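The values are calculated or read from the model by the stated rules, or taken from the named source; none is laboratory data. Bear in mind the structure is a predicted one, so any value in this text is a computation, not a measurement. Ideal geometry is used to build each Cβ from the backbone, glycine not excepted, and the neighbour counts take in all protein chains shown.
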Amino acid sequence: MIEFHSVTKRFPDGTLAVDDFSLVLPSHKTTVLVGTSGSGKTTLLRMINRMVDPTSGSIEIDGADIGTLEPVKLRRGIGYVMQNSGLLPHRRVIDNVATVPMLRGMAKKKARDEALALLDTVGLDRLLANRYPSQLSGGQQQRVGVARGLAVNPNILLMDEPFGAVDPIVRAELQQELLRLQRELGKTVVFVTHDIDEAFLLGDQVVILRTGGKVAQVGSPAEILANPIDEFVATFVGADRGKRSLHLENHGDGDIVVDETGRLAGVLVGSGPSASPSTVSSESKAGPRGPGASAQGGDSR
Amino acid sequence: MSFLTETLAWLVDPANWVGAGGIPTRLAQHLLFTLVTLLVAALIAVPTGFLIGHTGRGRGLAVALSGAFRAIPTLGLLTLVALWVGIGLNAPYVALTVLAIPPILAGAYTGFEAIDRKIIDAARAVGMSEAQIVLKVELPLGLPLLIGGLRSATLQVVATATLAAYIANFGLGRYLFEGLRIRDYGEMLGGSILVILLAIVLEGVFALVQKLVVPRGVTAGLPIDIRDGSSRSRPVMESTIEEGNSHVHSE
């Protein structure tokens, strides 16, 4: 469990990145920090492994104040995955994955064996083990980045827009892969993104931040979508527009769901007129980018 | 024309190849002097350059000082130091070390600076200590540019080391000063040719070393990266190392 207690971060240039932020991030769940640029989400993430130290307030991991821990030691116990993978270009894939275990004193042979097993875990062919990062595709590099993050078998995995630089198809693939990994491994994942669809897809708990590191709303995706706390959140999650603003139309035999512009979004199944709006919402969240919804609607016109 | 025949005659004269003032002795003196100067300059400039490159602090000062050092006329400095410490080899050592420091310093810190900050940041975030970042990340990735700096310093020192003979009976420069005094242009030109040959050989050695120290991972995916134009994370570093290598690669 990670707890933020009234954390504030003001950078030397005067920018207030995070303002009096308090939050509990439950263990074995994925918490997604989502917000626009300048909302302090990356700063918050980097405070957890002391890449950034708060100006005031404290952060506890399982009850221990991390301000009292040695940064290098702390970081070696926390998985970190960043955008553009951040792999060491002069080391082979397998050595990149084995880096941190070896820093912690694991023998080279054992570290490499475990690294090979991790390549399986993240769905990479073992044949890639002896390649250099520059010889891999962006998606493959990102998988190696995840494998490296998992290498020390950490309880906590920090992910800083890890899928931000890959194309939408590979991103969808990696998102599904992460969901699978999370079902198998049950890490405490802290995930930063500016993509609300990604946040709703991956997050058990979603934290919507507004500029200056203030929390706009915290909740499960369904709670936020059903009850956006204010105009900002409603706009940010897109509840008032396009593909999330769905309503029912009755066409004789059954109900169909259409979006704001009247395009067909889907059919309401397995329930009568009493279907709750949240059912529709959660269906929409399951495949916001999928070929299903909008494409189908387009065809029907 | 007669210069060339005189020069050739001087170069092949067996009398010039033996004894304390013979070509092999002076060549060895010159080479040793160059290497010692480079070593001393590197001992000062490399750690300083690494510190500047790693912390990003003091760069402005380093650039200004390097510029100032480069502007010092070596002969003037040599004379000044000689007046201070007396006739002998100490003065040329000091003067040429001052000459060699700027390129080595520049090679050391630009080598570090050219590395994508994201790589350093990631290395720190996964738990490398500052010393480990320097030794395991910045040093291997910055080495080609450092060798480039050493290479350019070597070239300057080997040529300018002829000035050591100005105040000491030492090195290949002796042939130049002696030849000038007794108007033996064959000896002068012969001495110059020896300096040039030594410079070319050293240049070749460094070019080879510089090529060998480029980490394989950096060059491995290069042609593919350029072709598919993907949004990879290291355009800065790749282009810089390519640049550092431009003398070596013929492609």
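Of note:
- For A:Gly186: the one exception among (1) in contact (Cβ under 8 Å) with a residue 60 or more places away in the chain; (2) buried (at least 18 other Cβ atoms within 10 Å of the Cβ): (2)
- Identity of the residue in the range B:132-146, among the aliphatic types (A, V, I, L, M) and buried (at least 22 other Cβ atoms within 10 Å of the Cβ), that ends up nearest to A:Gly149 (Cα to Cα): B:Val137
- Checked against (1) crowded, with 23+ Cβ neighbours inside 10 Å; (2) free of Cβ contacts under 8 Å to residues at least 24 places away in the same chain, B:Ala164 meets all criteria but (2).
- Between A:Gly57, A:Gly67, A:Gly77, the distinction of being more than 29 Å from B:Val213 (Cα to Cα), touching a His at 6+ places or on another chain (Cβ under 9 Å) and not basic (Lys, Arg) belongs to A:Gly57 only.
- Answer from B:Leu35, B:Leu11 - the residue that is assigned to a helix (DSSP H, G or I), under 29 Å from B:Gly179 (Cβ atoms), of a type outside the set (Val, Ile, Thr) and more than 23 Å from the chain's Cα centre (by Cα): B:Leu11
- Scanning the range B:187-211 for residues that are surrounded by 14 or more Cβ atoms within 10 Å (Cβ to Cβ), more than 17 Å from B:Asn16 (Cα to Cα) and hydrophobic (A, V, I, L, M, F, W, C) yields B:Leu198, B:Ala199, B:Leu202, B:Phe206, B:Ala207, B:Val209.
- Residue in the range A:182-189 that is under 30 Å from A:Asp62 (Cα atoms), within 14 Å of chain B (Cβ to nearest Cβ) and in contact with a strand residue (DSSP E or B) (Cβ under 6 Å, 6 or more places away or on another chain) present: no
- Residue-level analysis places A:Val72 outside the set of residues that are modelled with pLDDT of 90 or more, over 17 Å from A:Leu181 (Cα atoms) and in contact with a Lys or Arg (Cβ under 7 Å, 6 or more places away or on another chain).
- Lone unmet requirement of (1) surrounded by fewer than 19 Cβ atoms within 10 Å (Cβ to Cβ); (2) farther than 24 Å from B:Ser129 by Cα for A:Met102: (2)
- The test for being within 14 Å of another protein chain (Cβ to nearest Cβ) and surrounded by 15 or more Cβ atoms within 10 Å (Cβ to Cβ) holds for B:Ser129.
- Residue count for the range A:92-123, restricted to those that are among the acidic types (Asp, Glu) and within 14 Å of chain B (Cβ to nearest Cβ): 1
- Test: B:Val248 is at pLDDT below 85, of a type in the set (Val, Ile, Thr) and closer than 27 Å to B:Val36 by Cβ: yes
- Residue within the range B:87-107 that is within 14 Å of another protein chain (Cβ to nearest Cβ) and surrounded by fewer than 17 Cβ atoms within 10 Å (Cβ to Cβ) present: no
- Just so you know, in the range A:124-134 the residues that are within 14 Å of chain B (Cβ to nearest Cβ) and outside any helix (DSSP H, G or I) include one that is surrounded by the fewest Cβ atoms within 10 Å (Cβ to Cβ), and it is A:Arg131.
- Subset of the range B:108-122 that is at the interface with chain A (Cβ under 7 Å from one of its Cβ atoms) and buried (at least 21 other Cβ atoms within 10 Å of the Cβ) - its residue that is nearest to A:Lys73 (Cα to Cα): B:Ala122
- Condition broken by A:Pro288, with the remaining ones in (1) assigned by TED's automatic domain parsing to the domain that holds A:Leu201; (2) at pLDDT below 50 satisfied: (1)
- Condition met for A:Ser39 (surrounded by fewer than 15 Cβ atoms within 10 Å (Cβ to Cβ) and in contact with a strand residue (DSSP E or B) (Cβ under 7 Å, 6 or more places away or on another chain)): no
- Subset of the range A:141-152 (residues that are in contact with an Asp or Glu (Cβ under 9 Å, 6 or more places away or on another chain) and either more than 12 Å from chain B (Cβ to nearest Cβ) or surrounded by fewer than 23 Cβ atoms within 10 Å (Cβ to Cβ) (or both)): A:Arg143, A:Val146
- Selection count where residues are modelled with pLDDT under 90 and either under 19 Å from A:Arg112 (Cβ atoms) or in contact with a strand residue (DSSP E or B) (Cβ under 6 Å, 6 or more places away or on another chain) (or both), scope the range A:141-166: 1
Here's the yes/no breakdown for (1) without any contact (Cβ under 8 Å) to a residue 24 or more places away in the chain; (2) surrounded by 15 or more Cβ atoms within 10 Å (Cβ to Cβ); (3) of a type in the set (A, V, I, L, M):
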position: A:Lys214; (1), (2), (3): no, yes, no
position: A:Glu231; (1), (2), (3): yes, no, no
position: A:His247; (1), (2), (3): yes, no, no
position: A:Ala265; (1), (2), (3): no, yes, yes
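- Test for B:Ile200: is it at pLDDT 95 or above, at negative phi, more than 14 Å from chain A (Cβ to nearest Cβ) and out of contact with any strand residue (DSSP E or B) (no Cβ under 6 Å at 6 or more places or on another chain): yes
- Within the range A:111-120, none of the residues are farther than 14 Å from B:Ala125 by Cα, surrounded by fewer than 22 Cβ atoms within 10 Å (Cβ to Cβ), in the same structural domain as A:Val170 (by TED's automatic domain parsing) and in contact (Cβ under 8 Å) with a residue 60 or more places away in the chain.
- Within the option set A:Ile229, A:Ile169, A:Ile224, being of a type in the set (A, V, I, L, M, F, W, C), over 30 Å from B:Leu141 (Cα atoms), part of a loop (DSSP other than H, G, I, E, B) and at pLDDT below 95 holds for one residue only, A:Ile229.
- Tallying residues that are more than 7 Å from every other protein chain (Cβ to nearest Cβ) and either over 24 Å from the mean Cα position of the chain (by Cα) or surrounded by fewer than 23 Cβ atoms within 10 Å (Cβ to Cβ) (or both) within the range A:60-91 yields 16.
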